[in-house]
4 protein chains.
Amino acid sequence: MLSDPSAIDRDRLSRCAQQLADAGRELGARGWTPATSSNFSMRLDTAHVAITRSGGDKGRLGPEDIMVVDLDGRAIEPGLRPSAETALHVQLYRRFPDAGAVLHTHSRTQTVASRWFAPAGVVRLHGWELQKAIAGTTTHAALLELPVFPNSQDMRVLGAAIDAWLDAGKPLPGYLIDGHGIYAWGHDMAEARRHLDAFQFLLDCELDLIRLGRACP
Amino acid sequence: MLSDPSAIDRDRLSRCAQQLADAGRELGARGWTPATSSNFSMRLDTAHVAITRSGGDKGRLGPEDIMVVDLDGRAIEPGLRPSAETALHVQLYRRFPDAGAVLHTHSRTQTVASRWFAPAGVVRLHGWELQKAIAGTTTHAALLELPVFPNSQDMRVLGAAIDAWLDAGKPLPGYLIDGHGIYAWGHDMAEARRHLDAFQFLLDCELDLIRLGRACP
Amino acid sequence: MLSDPSAIDRDRLSRCAQQLADAGRELGARGWTPATSSNFSMRLDTAHVAITRSGGDKGRLGPEDIMVVDLDGRAIEPGLRPSAETALHVQLYRRFPDAGAVLHTHSRTQTVASRWFAPAGVVRLHGWELQKAIAGTTTHAALLELPVFPNSQDMRVLGAAIDAWLDAGKPLPGYLIDGHGIYAWGHDMAEARRHLDAFQFLLDCELDLIRLGRACP
Amino acid sequence: MLSDPSAIDRDRLSRCAQQLADAGRELGARGWTPATSSNFSMRLDTAHVAITRSGGDKGRLGPEDIMVVDLDGRAIEPGLRPSAETALHVQLYRRFPDAGAVLHTHSRTQTVASRWFAPAGVVRLHGWELQKAIAGTTTHAALLELPVFPNSQDMRVLGAAIDAWLDAGKPLPGYLIDGHGIYAWGHDMAEARRHLDAFQFLLDCELDLIRLGRACP
């Protein structure tokens, strides 16, 4: 049974569409959404999510590029087909009741880091002051683990890997997909953006250290 | 026998000249057309191609910087001399009847990758989600081969190497020339731009992985 | 006993707030103040300092984002709480009577260099013409030492390490904190900015040389 | 005996000052003139040169920042003191009668390359298509040698090293100074800019190849 489209708060949808367009334009300008990749979403209410549609230049999003889905990822308006990655967005809204915005991008740094750390399955962040930009982290001395899941064109395979991580009780501040990109989120768009920026910065620093040989001999 | 200049659709030529100027300005702003290098073209009809003239700043193309040649690379208007690389553009239009736009640039990444992969003769792309931006590629698991041909100041030598690759029945999604740059194309300018952007991103990622030592130990 | 707020020269405070906002906007645009990190200050008179308040985007500073503290780091207006790092700023104004402006940023280069050189405890700069941009340095042949102090969430621990360095009589042209960022200063904002730019450039060059293997074999 | 200031063509001086300001603004925006470094000049006539004065931000040059010197580097107007590097500019105008513009910058790439190649004393460029941007080079197969001279705060020492290179009959398309930067020139400002851009691109490519391990194994 589909949700009732008339139940959506149109004012809230309009404000979310604007925030999604702003995020797309600013992240696109940095080259984090190459070709027609990447997708962004915001929670509208306890049962609905506004999300970017498949394809299109994410740097130039208009109201017509945003659609509404329920928490199972089904379009509430007939005839619109959600992108495949919608399944990963709604999984996060189901598993994290506080999540209000989800950002999926693939900058060069995110893509390369995902590939380089894939054999280890995780990026272990430690000793960086900027870890404090991630909600719940209060010291550089904490260990922050960002998992890397194997890529798949089948979203059920990807979703199952993420569920397995969470079901094992491990903290999930964000995740990478091998050769593909990153998912970051927050209670609102501002926090999701801060988390995305912090992960980009920390991954840049980690890759720089590796290129340097980790530490001065 | 030369083509008849009066047979050219002037409206189509004007629209193509605008798209070529837009591409030149945007690619030039990224530093992909250093000095007076690079050239761009679009197919006008089954027998003609609009192409940038030799020399000049490719970031500031006006109508007078575009000329029309036939599929053998001869100017249809007497007195205009096409650039040497025109031969490589028309070869692509002859061999790929669907090709509508060809872009030749030499960014730092394209140039360095061409040189580094020259001994192998090919860049083997595998495992990157963004490979899907190349027409006909539907999964990151595909193998995408981008050949690197030796550089020559004699376009006949270069053309023969490309013909030999195609005559051997190998797919050709684009190609590099050693120490020189890249050729990318598509059925229209938008697809040629998407292919060029995807190759730049994928070459950047490959070079980054090599600098990191391929994968975490 | 707190200072008397009415003793502050409001014109000077207003001019300093403008210079702090300009510095924040320009350094923020370069990505040197990720998330809500970084802080900037200027000396108002022999007993007071204008400094950025905790949190907030340092790229968009308004007059309300600046507060006045005494040289012990206490707010002169009741109810305002200075950021933790205020203690490090006022330490510099106490120890260097000529210091007129202090800048704390954490660019990727500053952060990575701080981490890579941490085991050595110091970056030894030598042979760079741009060392002459640091006040008191007149030749590339001089040795310029930039210490790296271990990071701590306790500012008293950090302050003690800096005091110990100075009490040992060693020159301190600026300093790094491991995994965190840089502190640079000057007799006015222009000199502080020049010092910060020079350290960024010199750290970039040092890291580049290390990635290259120091020198051609 | 000093030159007669009234002998200077004021219209030509004004046009040169504009070209020098344009070059300073564009090169400064790229970060190639850190702190108050770098200097630029143009030949006014057979006996005079317009050159930037010492100090100041080279990104914001006004007419008052340009002075006129003779080919021995002496100011033609009493009271103005030329910068130390003026001696290196006029040496180039004396030794190359066709030189019309000289640019001295220190980008990060130029500075790092100067330091890395200093032990070899020369950068040997070979196999790059963009070498053709250097006047007199018609093929990527040519060998282009860019010497690296040891840095000195004494311009007479530097000048003697350059004279020795030229007196040995070796071609000099430009030169680096160890830990310092580059000098490039051309018959006019456009050619000097093209040479400077080409050297920057070629040095970037060479350093990239070294970081990659020269060639694919």
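The values are calculated or read from the model by the stated rules, or taken from the named source; none is laboratory data. Note that the structure is a prediction, hence the values are computed from the model and not measured. In this analysis, Cβ positions are derived from the backbone assuming ideal geometry, glycine residues included, and neighbour counts consider all displayed protein chains. Please note that ligands, DNA and RNA were not included when accessible areas were found on the heavy atoms of the full protein model with its side chains. Shrake-Rupley method; radii C 1.70, N 1.55, O 1.52, S 1.80 Å.
Of the residues C:Pro171, C:Pro150, which is of a type outside the set (Asp, Glu), open to solvent by 10 Å² or more (accessible area, probe 1.4 Å) and within 14 Å of chain A (Cβ to nearest Cβ)?
Result: C:Pro150 is the single residue among C:Pro171, C:Pro150 that is of a type outside the set (Asp, Glu), open to solvent by 10 Å² or more (accessible area, probe 1.4 Å) and within 14 Å of chain A (Cβ to nearest Cβ).
Read through the list (1) surrounded by fewer than 19 Cβ atoms within 10 Å (Cβ to Cβ); (2) under 14 Å from the mean Cα position of the chain (by Cα), then give the number of the only condition that B:Leu92 fails.
That leaves (1) as the condition not met.
Could you tell me whether any residue of the range A:210-217 is on the phi < 0 side of the Ramachandran plot, at pLDDT below 95, assigned to a loop (DSSP other than H, G, I, E, B) and more than 7 Å from every other protein chain (Cβ to nearest Cβ)?
Yes, because at least one residue in the range A:210-217 is on the phi < 0 side of the Ramachandran plot, at pLDDT below 95, assigned to a loop (DSSP other than H, G, I, E, B) and more than 7 Å from every other protein chain (Cβ to nearest Cβ).
Considering only residues that are surrounded by 19 or more Cβ atoms within 10 Å (Cβ to Cβ) and aliphatic (A, V, I, L, M), look in the range A:61-75 and name the one that is farthest from the chain's Cα centre (by Cα).
A:Ala75
Which one of these is within 19 Å of A:Leu166 (Cβ to Cβ) and not aliphatic (A, V, I, L, M): A:Pro78, A:Pro97?
A:Pro97 is the lone residue from the list that is within 19 Å of A:Leu166 (Cβ to Cβ) and not aliphatic (A, V, I, L, M).
Among the charged types (D, E, K, R), closer than 25 Å to A:Gly28 by Cβ and touching a residue at least 12 places away in the same chain (Cβ under 8 Å): which single residue out of A:Asp204, A:Asp208, A:Asp163 fits that description?
The conditions single out A:Asp204.
Quick one: in the range C:1-49, which of the residues that are among the basic types (Lys, Arg) and touching a strand residue (DSSP E or B) at 6+ places or on another chain (Cβ under 8 Å) is most open to solvent (accessible area, probe 1.4 Å)?
C:Arg12
Within the range D:174-191, work out how many residues are more than 22 Å from C:Leu130 (Cα to Cα), among the small types (Gly, Ala, Ser) and either within 14 Å of chain C (Cβ to nearest Cβ) or open to solvent by 30 Å² or more (accessible area, probe 1.4 Å) (or both).
Residues meeting the conditions: 1.
Restricted to the range B:1-44, and to residues that are away from chain D (no Cβ under 14 Å) and part of a loop (DSSP other than H, G, I, E, B), which residue is modelled with the highest pLDDT?
Among those residues, the one meeting the criterion is B:Asp9.
When the range B:115-138 is examined, which residues are found to be more than 23 Å from D:Asp208 (Cα to Cα), open to solvent by 40 Å² or more (accessible area, probe 1.4 Å) and small (Gly, Ala, Ser)?
If the condition is that a residue be more than 23 Å from D:Asp208 (Cα to Cα), open to solvent by 40 Å² or more (accessible area, probe 1.4 Å) and small (Gly, Ala, Ser), then B:Ala135, B:Gly136 are the ones that fit.
In this structure, does D:Gly55 turn out to be surrounded by fewer than 19 Cβ atoms within 10 Å (Cβ to Cβ) and within 19 Å of C:Leu130 (Cα to Cα)?
yes
Among the numbered criteria (1) touching a residue at least 24 places away in the same chain (Cβ under 8 Å); (2) within 14 Å of another protein chain (Cβ to nearest Cβ), which single criterion is violated by C:Arg53?
(2)
Could you grab the pairs with beta carbons closer than 6 Å, sequence gap of 6+ or different chains, first residue in the range A:130-146 and closer than 16 Å to A:Ala190 by Cα, second one modelled with pLDDT under 95 and hydrophobic (A, V, I, L, M, F, W, C)?
A:Ala133/C:Ala35
Just to check your reading of the model, which residue among C:Arg30, C:Arg43, C:Arg15, C:Arg60 is in contact with a Phe, Trp or Tyr (Cβ under 6 Å, 6 or more places away or on another chain) and on the phi < 0 side of the Ramachandran plot?
C:Arg43
Looking at (1) within 14 Å of chain C (Cβ to nearest Cβ); (2) open to solvent by less than 10 Å² (accessible area, probe 1.4 Å); (3) at pLDDT below 95, which one does A:Ala141 not meet, given that it meets all the others?
Failed condition: (2).
Checking the conditions here, which among D:Ala75, D:Ala87 is in contact with a Gly (Cβ under 7 Å, 6 or more places away or on another chain) and away from every other protein chain (no Cβ under 14 Å)?
D:Ala87
Step by step: first the residues of the range D:163-189, then only those that are over 13 Å from the mean Cα position of the chain (by Cα) and among the aliphatic types (A, V, I, L, M), then the one that is farthest from D:Ser37 (Cα to Cα). Which residue is that?
The selected residue is D:Ala168.
In the range A:76-88, which residue that is touching a residue at least 60 places away in the same chain (Cβ under 8 Å) and of a type outside the set (Val, Ile, Thr) is surrounded by the fewest Cβ atoms within 10 Å (Cβ to Cβ)?
This residue is A:Pro78.
Quick one: C:Asp204 ticks every box in (1) closer than 30 Å to A:Ala133 by Cα; (2) acidic (Asp, Glu); (3) away from chain D (no Cβ under 14 Å) except a single one, so which number is it?
Condition (3) is where C:Asp204 drops out.
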